[in-house]
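This report concerns only the one structure given below.
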Amino acid sequence: MNFIEEIRRRRTFGIVSHPDAGKTTLTEKLLLFGGAIRVAGAVRSNKIRKTAVSDFMEIERQRGISVATSVIGFEYNGYKINILDTPGHQDFQEDTFRTLTAVDSVIIVIDAAKGVEPQTEKLMNVCRIRQTPVIVFINKMDRPARDPFSLLDEIEEMLRINVRPLSWPISSGDNFRGVYNLFDRSLQLFNASIQEIQPAILFKDLNNPELDNHIGREAALLRDELELVEGVYPVFDQERYLSGKQAPVFFGSALYNFGVRELLETFVKIAPWPRPSYTEEREVNPWEETFTGFVFKIHANIDPNHRSRIAFVKVCSGRFERNRTYTHVRQGKTIRISSPTAFMASQKETIEEAFPGDIIGVPDTGNFIIGDTLTEGEIIHFKGLPSFSPELFRYVENADPMKSKQLAKGIDQLMDEGVAQLFTSQFNGRKIIGTVGQLQFEVIQYRLEHEYGAKCRFEAISMYKACWIESPDPGILNEFKKRKYQKMCIDKRGRDVFMADSAFILQMAQDEFKAIKFHFTSEF
Ligand code: G4P
């Protein structure tokens, strides 16, 4: 297979959802249909349980395992599929946003009884900004569900995207019989079974009277509804899907394997192969011959005796080869990667080469931070890995004076991994950690102690937002910094950040300093 063919057969995507909608179950069923795992339950046991908020050992153990499930690659009908896992817990949403920078498309899972939930909206906003092609999977049709037409209306309105159903449910709840595939116009009736994935019967023609024998009056209802669907929704337009303007919608029950095959088979046909990526200097096309890639995730080793980490690198262009020397742009030096790994069917293995769309795991002893670029010598910097303003802030203090070095190193490395953000006050030199959820503070404290032998204490601080500031007029910027010196910090990369106590204070500052731009993400 040549280089171009290798790229065209790759499908790299993420599955996202509001917690509990069924992301983990769907991921697992895709693996099951794809033949990557043989029994259901393998992924489930790896999941960070939502109840484990204060059970650190459990988090640690599962975090370790989740390295393996962070990326799962498998072969399906000639396609190479890479699923990027995203944390379900909303306290780790920044991790999810970063992972979305490494995917070429997204499947959003929605609970058929609940419809669009807050986390679904947030995730869709990120997809919209990046113009990521999105497929919607409406899950749990085996339970009493809302009317499919009203669900589609809600998606259009709340997720602000046009929809086009590509499968249609035959009733829901106890009467749920399966889904009709509108893409290739066929109906496969399944047995309602958690393990059984063989279709029972295939119908190519909906007017086949045999269908009535199988599903009774639902058959007539299905024919009527399909007529309505064709009348109401525009035809599926792949170009519009690929540009993020139309979302194909599938219905099903991940738990009972309904609709998953329809989703997977249509997905591989319509979803994009690797798309161009953007650097500060230029657009990078996957077809380019020289290798480029960037680090979008860093995972620490669970074993405190081996404090190595894995940096996840997305290959953006060219062919990556083991043992070749590449340029680490930020450090301005060359590195040789002798044991790159990939996760095939949830098993980690050393690989010799990788292609655009692939994710490689690179063992790291502290050389990488999120956003780092690797090339064959070209000096470029990949964009699109912003930090968002945190929502919770705490001063971090050393609780064991004998271990200040360990604490500094630990905090430094945890921030490089993107666990949270660090700001240093220009007024008193104190360090402030910002997170999106309480759980991250607990994880930081636990990991500092167990991985670095350092103890920290957090001190409450009332803060509304961190704003990255810039202005074309250096004089005004200086004036602002002087006036607000008590609230000025620098972030890890040395950029100016204004810490606003409240929405009111921020508004006042914005009104008074019109020549200054206040950004809520670090990339602008
Ligand atoms: P998440 O990753 O999006 O958070 O959701 P997850 O797959 O863990 O699913 C959340 C719960 O919903 C699980 O039940 C799961 O079994 C159930 N579920 C997922 N898909 C379906 C479906 O199609 N139909 C039905 N009826 N249920 C579904 P749980 O009780 O929280 O977990 P467990 O005890 O089953 O592991």
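Considering region 119-134, the residues that are away from the ligand (no atom under 16 Å from the Cβ) and in contact with a strand residue (DSSP E or B) (Cβ under 8 Å, 6 or more places away or on another chain) include one that is nearest to Val249 (Cα to Cα), namely Val134. Residue selection: Phe388 fails the criterion of being of a type in the set (Phe, Trp, Tyr) and crowded, with 22+ Cβ neighbours inside 10 Å. When the strands (runs of 3 or more DSSP E) confined to region 238-343 are screened for residues that are surrounded by 24 or more Cβ atoms within 10 Å (Cβ to Cβ), those reaching at least 1 such residues are found at 246-251, 292-300, 309-317. The selection criterion, being farther than 18 Å from Arg217 by Cα, of a type in the set (Ser, Thr, Tyr) and surrounded by 15 or more Cβ atoms within 10 Å (Cβ to Cβ), does not hold for Ser171.
In region 108-142, what residues are hydroxyl-bearing (Ser, Thr, Tyr) and either more than 12 Å from the chain's Cα centre (by Cα) or not in a loop (DSSP other than H, G, I, E, B) (or both)? Answer for region 108-142, where residues must be hydroxyl-bearing (Ser, Thr, Tyr) and either more than 12 Å from the chain's Cα centre (by Cα) or not in a loop (DSSP other than H, G, I, E, B) (or both): just Thr120.
Contact map, region 8-19: first residue more than 16 Å from the ligand (Cβ to nearest atom), second residue charged (D, E, K, R), Cβ cut-off under 6 Å, separation 6 or more or different chains; pairs are Arg9/Lys80; Arg10/Lys80; Thr12/Asp104. Only one entry of Pro199, Pro165, Pro148 meets the criterion of being more than 14 Å from the ligand (Cβ to nearest atom) and at pLDDT below 90, and that entry is Pro199.
Could you say whether any residue in region 205-222 is acidic (Asp, Glu), out of contact with any strand residue (DSSP E or B) (no Cβ under 6 Å at 6 or more places or on another chain) and assigned by TED's automatic domain parsing to the domain that holds Val71? Scanning region 205-222, I find no residue that is acidic (Asp, Glu), out of contact with any strand residue (DSSP E or B) (no Cβ under 6 Å at 6 or more places or on another chain) and assigned by TED's automatic domain parsing to the domain that holds Val71, so the answer is no.
Restricting region 247-286 to residues that are among the small types (Gly, Ala, Ser) and modelled with pLDDT of 95 or more leaves a set whose member that is nearest to the ligand (Cβ to nearest atom) is Ala247. So, Thr424, is that one hydroxyl-bearing (Ser, Thr, Tyr), out of contact with any helix residue (DSSP H, G or I) (no Cβ under 7 Å at 6 or more places or on another chain) and either at pLDDT below 90 or outside the structural domain of Glu94 (by TED's automatic domain parsing) (or both) or not? So Thr424 fits the description; yes.
Residues in region 328-335: is at least one hydrophobic (A, V, I, L, M, F, W, C) and within 25 Å of Ala36 (Cβ to Cβ)? Scanning region 328-335, I find no residue that is hydrophobic (A, V, I, L, M, F, W, C) and within 25 Å of Ala36 (Cβ to Cβ), so the answer is no.
So that you can scan it fast, the table gives a plain yes or no per residue for (1) outside any strand (DSSP E or B); (2) surrounded by 16 or more Cβ atoms within 10 Å (Cβ to Cβ):
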site: Gly361; (1), (2): no, yes
site: Leu374; (1), (2): no, yes
site: Lys405; (1), (2): yes, no
site: Ala408; (1), (2): yes, no
site: Asp412; (1), (2): yes, no
site: Ile433; (1), (2): no, yes
site: Glu442; (1), (2): yes, yes
site: Gln445; (1), (2): yes, yes
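The values are calculated or read from the model by the stated rules, or taken from the named source; none is laboratory data. Only a predicted model underlies this, so the values are computations on that prediction, with no experimental measurement involved. Using ideal geometry, Cβ is built from the backbone for each residue, glycine included, and neighbour counts are taken over all protein chains shown.
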